[in-house]
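Computed from the coordinates by the stated procedures, all read-outs in this text should not be read as laboratory data. Treat the numbers as computed from the prediction; the structure is a model and nothing was measured.
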Amino acid sequence: MTKGISDDSKELFEGGFDDLMEDLMREMDNMQTPSSRTNSSGGQHLGHVKNKSSSGRKEVHICAYCNSPIDSSPMWALNKAWHSYHLLCTQCHKPIDPNVGHVEKNEKVYCPSDFANLFLPKCRRCHLPVEREAVSASDGKLEGKWHVKCFNCHTCSKPFPDKSFYVFNNAPYCKRHYHKLNNSLCRNCDDAIEGPCAQTIEGWRYHPKCFVCFVSILIHYLLMIANYIKIKYSHTST
């Protein structure tokens, strides 16, 4: 014989059923396994496991390399969580220093040092990576880049105070050393020739005003020397 349920008992039963279903759904949610995906090392990356408890919600990160939970603070790279000892530089294979950080390129992780050596332009002078300020020729006549402190004459290493320089064999030089390399120093006055010049069959170059007969110059200097000796001898005899 079936007993009927009073209105009061029915209301109490329905309330308890709702609470029971809520507890059951919570337990089922805790038992769910997250969908897997392949990580960069060929293993399965399980993503994030979200555990709920009566005290609140706790998120446990799974390492993209070993698929194990990460108890401490994870390191993040390529939108994945990693144990600090499993996040390695692609080039040197050393763990990434969390105090220094990393650089991502083409879905790979690099320490800043290796990234600079592999991908940044190298200074033409010291051959080290140029990370920040770089110097280059605006007219394109000089190839490459330099550190600001390295951009100077390739012979005397003096800087270019007026920001002007000369190019010889794709390298910057000061005025004097450019003309010395270019064989355009005047044979007579030893100053740079920029403009008309006179040249002998031997390849000597002169300013037009400096191109005079060497015999005349020799006679001039000999007369000066003779005059000096004469004056000195006259003072000695007196």
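Numbers for the structure displayed
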| quantity | calculated |
| --- | --- |
| Region 156-217: Rg to Rh, with Rh as the Kirkwood radius over Cα pairs | 1.06 |
| When each of LYS158/LYS180; LYS105/LYS149; LYS175/LYS209; LYS122/LYS175; LYS80/LYS108; LYS141/LYS163 is checked by Cα-Cα distance, pairs over 18 Å | LYS105/LYS149; LYS175/LYS209; LYS122/LYS175 |
| Stokes-Einstein D (µm²/s) once Rh is taken as the Kirkwood radius of region 82-147 over alpha-carbon pairs, at 20 °C in 1.002 mPa s | 160 µm²/s |
